[in-house]
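The values are calculated or read from the model by the stated rules, or taken from the named source; none is laboratory data. None of the values given here were measured: they were computed from a predicted structure. A quick note on method: Cβ atoms are made from the backbone with ideal geometry, for glycine too, and the neighbour counts reach across all protein chains shown. We work out accessible area using only protein heavy atoms, side chains counted, and drop any ligands, DNA or RNA first. Shrake-Rupley method; radii C 1.70, N 1.55, O 1.52, S 1.80 Å.
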Amino acid sequence: MEFDALRAAVVPGAAVVGRWPGVVCVAECADRQVLRQLLDVCASAAGPEPGRALARRLTMWLGGQDAPGDGLRFGTVAVTAGDSRSAALRGEQWAVFLYGPVGLVVPDRQVALSGAQAVAWTDRLLPRPDVPVVLALEGGPIPPGVIDGVHDLRSGVVPGAGAVLVPGGGGDGV
């Protein structure tokens with residue numbers, strides 16, 4: 001299933017969840033200017049297979065002179081090719097970028113990544129999962145029923161503390 005066809009069920013919260021072609025971002029920062037800069041970086045990288053380009057842009061931003069101060073935490077998931085030289089692997093991997101106390105969990109695959117456990121940030125490639133994936137700020141519960149088919153963010157930025165990316169159209173069997 002293509003990344004942009006995944007249903008994104010938003011987890012309630014006071015942070016933001018953004019979605020653009022090929023990219024999902026969950027972020028929190030008291031400084032709204034820093035938050036806008038992050039959302040601009042994500043939006044500017046959006047498109048077909050933006051994963052590697054987004055990770056490079058985030059790395060340059062976080063390590064550059066305009067680096068945000070304390071208080072920012074965010075996570076992104078972006079689709080990418082397994083190997084840029086092979087058309088057969090297009091969209092087969094997800095680029096995960098976690099900064100601060102935010103995590104990505106694939107419960108059915110025993111995958112749990114955290115930005116809080118890294119000195120700077122967590123930057124990983126994962127095989128495209130065929131089960132629900134949770135990208136969320138750490139410390140908040142994921143309410144039951146969030147993948148029942150009611151919640152669906154296709155594009156934009158909304159209030160929230162996380163997103164559950166769900167393959168398929170419905171919530172049956174998940």
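Listed residues 90, 7, 73, 85; which is among the basic types (Lys, Arg), within 30 Å of residue 144 (Cβ to Cβ) and at pLDDT below 95? Before you say what the answer is, go through the steps one by one.
Working: 90 fails: within 30 Å of residue 144 (Cβ to Cβ); 73 fails: at pLDDT below 95; 85 fails: within 30 Å of residue 144 (Cβ to Cβ).
On inspection, the qualifying residue turns out to be 7.
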Those residues of region 40-60 which are open to solvent by 30 Å² or more (accessible area, probe 1.4 Å) and in a helix (DSSP H, G or I), in sequence order: 40, 43, 44, 52, 53, 56, 57, 59, 60
Leading residue by the ranking (farthest from residue 136 (Cα to Cα)) among those in region 69-79 that are touching a helix residue (DSSP H, G or I) at 6+ places or on another chain (Cβ under 8 Å) and open to solvent by 20 Å² or more (accessible area, probe 1.4 Å): 69
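Identify the residue in region 104-124 that is part of a strand (DSSP E or B) and open to solvent by 70 Å² or more (accessible area, probe 1.4 Å) and, among all such residues, is farthest from residue 54 (Cα to Cα).
Step one: list which residues in region 104-124 are part of a strand (DSSP E or B), which gives 104-106, 111-114, 122-124.
Narrowing further to those that are open to solvent by 70 Å² or more (accessible area, probe 1.4 Å): 112, 123-124.
Values: 112: 21, 123: 11, 124: 12 Å.
Among those residues, the one meeting the criterion is 112.
For the condition open to solvent by less than 30 Å² (accessible area, probe 1.4 Å) and out of contact with any Asp or Glu (no Cβ under 8 Å at 6 or more places or on another chain), what is the one hit in 34, 16?
Values: 16 fails: out of contact with any Asp or Glu (no Cβ under 8 Å at 6 or more places or on another chain).
None of the other options fit; the residue is 34.
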Residue within region 136-159 that is within 14 Å of residue 26 (Cβ to Cβ), open to solvent by 40 Å² or more (accessible area, probe 1.4 Å) and modelled with pLDDT of 90 or more present: yes
